[in-house]
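Some notes on the structure that comes next.
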Amino acid sequence: MISNCPHCQGALKFSTAQLGKIEQALKALKPGQRLPLKCPHCAKPMNLDAAGNAEGAAAPAAPPPKPPDPAAEVIKPPPPPNMDWLKSQKNEEMQFNDSARDVPMALVLHSDDNMRHLIKSAMEALGYQASSVETPEEAVHETLSVSYACIIYHTGFEPGGLKNSTFHNYMRKMPMSRRRYTFYILIGPEFISLYDIQALANSANLVVAEKDMKDFQPILHKAIPYYEQLFGPLLEQLADFGKK
(Lines give C-alpha, C1' and ligand atoms only; values in the text may rest on other atoms or scores of the structure.)
Protein backbone atom coordinates (compact mmCIF):
# COMPACT_ATOMS: atom_id res chain seq x y z
CA MET A 1 0.00 0.00 0.00
CA ILE A 2 1.22 3.48 -0.91
CA SER A 3 2.70 5.38 2.04
CA ASN A 4 4.08 8.56 0.39
CA CYS A 5 2.82 10.86 -2.34
CA PRO A 6 4.77 10.23 -5.55
CA HIS A 7 4.72 13.99 -6.28
CA CYS A 8 5.57 15.75 -3.00
CA GLN A 9 6.74 12.72 -1.04
CA GLY A 10 4.41 13.69 1.78
CA ALA A 11 3.51 10.92 4.20
CA LEU A 12 0.04 9.48 3.66
CA LYS A 13 -1.78 8.51 6.82
CA PHE A 14 -5.12 6.73 6.48
CA SER A 15 -7.59 5.90 9.21
CA THR A 16 -8.74 2.33 9.65
CA ALA A 17 -12.06 3.17 7.98
CA GLN A 18 -10.29 4.87 5.05
CA LEU A 19 -7.95 1.93 4.58
CA GLY A 20 -10.88 -0.44 4.56
CA LYS A 21 -12.66 1.55 1.84
CA ILE A 22 -9.47 1.86 -0.26
CA GLU A 23 -8.76 -1.85 -0.04
CA GLN A 24 -12.35 -2.68 -0.96
CA ALA A 25 -12.19 -0.32 -3.97
CA LEU A 26 -8.86 -1.81 -5.08
CA LYS A 27 -10.30 -5.33 -5.00
CA ALA A 28 -13.16 -4.18 -7.23
CA LEU A 29 -10.80 -2.80 -9.91
CA LYS A 30 -10.90 -4.52 -13.26
CA PRO A 31 -7.67 -5.30 -15.13
CA GLY A 32 -6.08 -2.10 -16.37
CA GLN A 33 -8.19 0.16 -14.11
CA ARG A 34 -6.74 2.60 -11.57
CA LEU A 35 -8.18 4.04 -8.36
CA PRO A 36 -7.94 7.86 -8.37
CA LEU A 37 -6.95 9.57 -5.11
CA LYS A 38 -5.81 13.09 -4.24
CA CYS A 39 -2.79 13.85 -2.10
CA PRO A 40 -3.90 15.73 1.03
CA HIS A 41 -0.65 17.72 0.91
CA CYS A 42 -0.23 18.85 -2.72
CA ALA A 43 -3.74 17.96 -4.01
CA LYS A 44 -2.21 16.25 -7.06
CA PRO A 45 -3.92 13.09 -8.33
CA MET A 46 -2.56 9.66 -7.55
CA ASN A 47 -3.74 6.67 -9.57
CA LEU A 48 -3.37 3.44 -7.60
CA ASP A 49 -3.13 0.01 -9.22
CA ALA A 50 -4.66 -3.13 -7.74
CA ALA A 51 -1.66 -3.55 -5.41
CA GLY A 52 -2.13 -0.06 -3.97
CA ASN A 53 0.92 1.47 -5.66
CA ALA A 54 0.82 4.85 -7.37
CA GLU A 55 1.18 4.75 -11.15
CA GLY A 56 4.70 5.79 -12.15
CA ALA A 57 5.89 5.93 -8.56
CA ALA A 58 9.47 4.92 -7.97
CA ALA A 59 10.12 1.77 -5.99
CA PRO A 60 11.06 2.46 -2.39
CA ALA A 61 14.78 2.73 -1.88
CA ALA A 62 16.43 -0.25 -0.34
CA PRO A 63 17.77 0.33 3.16
CA PRO A 64 21.53 0.95 3.31
CA PRO A 65 23.57 -2.17 4.03
CA LYS A 66 24.53 -2.71 7.61
CA PRO A 67 28.23 -2.30 8.36
CA PRO A 68 29.96 -5.62 9.06
CA ASP A 69 30.11 -6.67 12.66
CA PRO A 70 33.80 -7.21 13.58
CA ALA A 71 32.75 -9.63 16.30
CA ALA A 72 31.02 -11.81 13.71
CA GLU A 73 34.08 -12.10 11.47
CA VAL A 74 35.95 -15.39 11.83
CA ILE A 75 39.56 -15.63 10.74
CA LYS A 76 40.03 -18.94 8.98
CA PRO A 77 43.45 -20.60 8.91
CA PRO A 78 44.92 -21.53 5.53
CA PRO A 79 44.00 -24.99 4.26
CA PRO A 80 46.31 -27.94 4.94
CA PRO A 81 48.85 -28.80 2.23
CA ASN A 82 48.04 -30.97 -0.75
CA MET A 83 49.82 -34.33 -0.43
CA ASP A 84 49.53 -35.43 -4.08
CA TRP A 85 53.22 -34.68 -4.60
CA LEU A 86 54.08 -37.83 -2.64
CA LYS A 87 53.13 -40.08 -5.57
CA SER A 88 55.65 -38.48 -7.92
CA GLN A 89 58.44 -37.90 -5.39
CA LYS A 90 58.78 -41.26 -3.64
CA ASN A 91 61.27 -42.64 -6.13
CA GLU A 92 63.32 -39.50 -6.71
CA GLU A 93 66.94 -39.39 -5.65
CA MET A 94 67.24 -37.71 -2.26
CA GLN A 95 69.94 -35.08 -2.01
CA PHE A 96 70.47 -32.71 0.89
CA ASN A 97 72.53 -29.69 1.64
CA ASP A 98 74.53 -30.43 4.78
CA SER A 99 76.20 -27.02 4.90
CA ALA A 100 74.33 -26.09 8.07
CA ARG A 101 75.45 -29.27 9.91
CA ASP A 102 78.85 -30.88 10.40
CA VAL A 103 77.72 -34.25 11.75
CA PRO A 104 73.92 -34.54 11.55
CA MET A 105 72.55 -36.59 14.44
CA ALA A 106 68.94 -37.48 15.11
CA LEU A 107 67.20 -38.41 18.36
CA VAL A 108 64.04 -40.54 18.16
CA LEU A 109 61.50 -40.46 20.98
CA HIS A 110 58.84 -43.09 20.30
CA SER A 111 57.55 -45.79 22.65
CA ASP A 112 56.75 -48.32 19.89
CA ASP A 113 59.72 -50.48 18.83
CA ASN A 114 58.54 -50.96 15.24
CA MET A 115 57.84 -47.28 14.67
CA ARG A 116 61.13 -46.36 16.33
CA HIS A 117 62.94 -48.70 13.94
CA LEU A 118 61.07 -47.23 10.94
CA ILE A 119 61.97 -43.67 11.94
CA LYS A 120 65.62 -44.47 12.62
CA SER A 121 65.91 -46.29 9.27
CA ALA A 122 64.40 -43.29 7.46
CA MET A 123 66.77 -40.86 9.20
CA GLU A 124 69.82 -43.02 8.49
CA ALA A 125 68.80 -43.30 4.82
CA LEU A 126 68.92 -39.49 4.69
CA GLY A 127 72.43 -39.35 6.13
CA TYR A 128 71.70 -38.94 9.85
CA GLN A 129 73.18 -40.89 12.70
CA ALA A 130 70.04 -41.90 14.64
CA SER A 131 69.69 -42.95 18.25
CA SER A 132 66.84 -43.29 20.74
CA VAL A 133 66.15 -43.16 24.48
CA GLU A 134 63.49 -44.66 26.74
CA THR A 135 62.48 -41.77 29.03
CA PRO A 136 61.99 -37.99 28.74
CA GLU A 137 64.62 -37.46 31.42
CA GLU A 138 67.16 -39.34 29.31
CA ALA A 139 66.15 -37.25 26.31
CA VAL A 140 66.75 -33.99 28.16
CA HIS A 141 70.13 -35.24 29.36
CA GLU A 142 71.08 -36.28 25.82
CA THR A 143 70.25 -32.87 24.32
CA LEU A 144 72.33 -31.17 26.98
CA SER A 145 75.42 -33.17 26.06
CA VAL A 146 74.91 -33.81 22.32
CA SER A 147 74.04 -31.34 19.56
CA TYR A 148 71.19 -33.02 17.68
CA ALA A 149 70.38 -31.69 14.24
CA CYS A 150 66.98 -33.39 14.32
CA ILE A 151 64.67 -34.59 17.10
CA ILE A 152 61.59 -36.68 16.37
CA TYR A 153 58.97 -36.82 19.14
CA HIS A 154 55.76 -38.85 19.17
CA THR A 155 52.94 -37.28 21.19
CA GLY A 156 52.30 -40.60 22.93
CA PHE A 157 55.87 -40.89 24.23
CA GLU A 158 54.73 -39.48 27.59
CA PRO A 159 51.32 -39.79 29.28
CA GLY A 160 49.18 -36.66 29.32
CA GLY A 161 49.86 -35.43 25.79
CA LEU A 162 51.95 -32.46 24.70
CA LYS A 163 50.51 -30.10 27.30
CA ASN A 164 51.93 -32.17 30.15
CA SER A 165 55.03 -33.42 28.35
CA THR A 166 58.31 -32.91 30.16
CA PHE A 167 60.40 -33.10 27.02
CA HIS A 168 58.12 -31.07 24.74
CA ASN A 169 57.93 -28.22 27.26
CA TYR A 170 61.70 -28.40 27.59
CA MET A 171 61.99 -27.92 23.81
CA ARG A 172 59.51 -25.03 23.87
CA LYS A 173 61.60 -23.19 26.45
CA MET A 174 64.99 -23.99 24.92
CA PRO A 175 67.05 -20.82 24.26
CA MET A 176 66.98 -19.83 20.61
CA SER A 177 70.78 -19.90 20.47
CA ARG A 178 70.43 -23.71 20.65
CA ARG A 179 66.91 -24.25 19.36
CA ARG A 180 67.58 -22.76 15.89
CA TYR A 181 70.03 -25.57 15.15
CA THR A 182 67.49 -28.35 15.81
CA PHE A 183 64.86 -29.53 13.36
CA TYR A 184 62.07 -30.56 15.74
CA ILE A 185 59.47 -33.00 14.35
CA LEU A 186 56.20 -33.90 16.07
CA ILE A 187 54.33 -37.09 15.14
CA GLY A 188 50.80 -37.89 16.25
CA PRO A 189 47.23 -38.75 15.22
CA GLU A 190 46.11 -35.17 15.89
CA PHE A 191 48.30 -33.67 13.15
CA ILE A 192 47.99 -33.03 9.41
CA SER A 193 51.30 -33.74 7.71
CA LEU A 194 53.32 -30.68 6.65
CA TYR A 195 50.66 -28.30 8.04
CA ASP A 196 52.81 -25.30 8.99
CA ILE A 197 50.07 -23.69 11.12
CA GLN A 198 50.02 -26.74 13.42
CA ALA A 199 53.81 -26.85 13.54
CA LEU A 200 54.00 -23.17 14.49
CA ALA A 201 51.27 -23.53 17.12
CA ASN A 202 53.22 -26.38 18.73
CA SER A 203 56.70 -24.80 18.55
CA ALA A 204 57.89 -27.39 16.02
CA ASN A 205 59.46 -27.27 12.57
CA LEU A 206 57.35 -30.07 11.13
CA VAL A 207 54.27 -32.11 12.04
CA VAL A 208 53.52 -35.55 10.61
CA ALA A 209 50.22 -37.41 10.87
CA GLU A 210 50.51 -40.87 12.34
CA LYS A 211 48.62 -42.30 9.35
CA ASP A 212 51.30 -40.95 7.00
CA MET A 213 54.25 -42.67 8.68
CA LYS A 214 54.57 -45.08 5.75
CA ASP A 215 55.62 -41.99 3.76
CA PHE A 216 57.85 -40.55 6.48
CA GLN A 217 61.01 -40.55 4.36
CA PRO A 218 59.43 -38.71 1.34
CA ILE A 219 57.92 -36.17 3.75
CA LEU A 220 61.38 -35.51 5.21
CA HIS A 221 62.72 -35.30 1.66
CA LYS A 222 60.40 -32.35 1.09
CA ALA A 223 60.61 -30.63 4.49
CA ILE A 224 64.29 -30.76 5.48
CA PRO A 225 65.80 -29.25 2.29
CA TYR A 226 63.28 -26.41 2.54
CA TYR A 227 64.34 -25.81 6.13
CA GLU A 228 68.03 -25.82 5.19
CA GLN A 229 67.43 -23.53 2.22
CA LEU A 230 65.56 -21.12 4.48
CA PHE A 231 67.85 -21.14 7.51
CA GLY A 232 71.17 -22.46 6.15
CA PRO A 233 72.52 -19.03 5.07
CA LEU A 234 71.56 -17.52 8.44
CA LEU A 235 73.32 -20.28 10.36
CA GLU A 236 76.42 -19.90 8.20
CA GLN A 237 76.49 -16.15 8.84
CA LEU A 238 76.14 -16.72 12.58
CA ALA A 239 79.00 -19.22 12.45
CA ASP A 240 81.17 -16.69 10.63
CA PHE A 241 80.64 -14.30 13.53
CA GLY A 242 81.41 -17.02 16.07
CA LYS A 243 77.80 -17.37 17.21
CA LYS A 244 75.92 -20.61 17.69
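The values are calculated or read from the model by the stated rules, or taken from the named source; none is laboratory data. Owing to the predicted nature of the structure, the values given are computational and were not obtained by experimental measurement. Surface accessibility is based on the protein's heavy atoms, side chains included, excluding ligands, DNA and RNA. Shrake-Rupley method; radii C 1.70, N 1.55, O 1.52, S 1.80 Å.
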Quiz item: Of the cross-linked pairs 44/66; 38/66; 13/66; 21/44; 21/66, which ones have a Cα-Cα span greater than 26 Å in the structure shown?
Solution: 44/66; 38/66; 13/66; 21/66
Practice problem: Ignoring everything but the protein chains, give the 1.4 Å probe accessible area of residue 15 in square angstrom, nearest 10. | Solution: 50 Å²
Exercise. Might you work out the accessible area of residue 178 for me, using a 1.4 Å probe with all protein chains in place, and round it to the nearest 10 Å²?
Key: 90 Å²
Self-check item: Cubic angstrom per residue, convex hull over Cα atoms of the stretch 2-56
Solution: 69 Å³
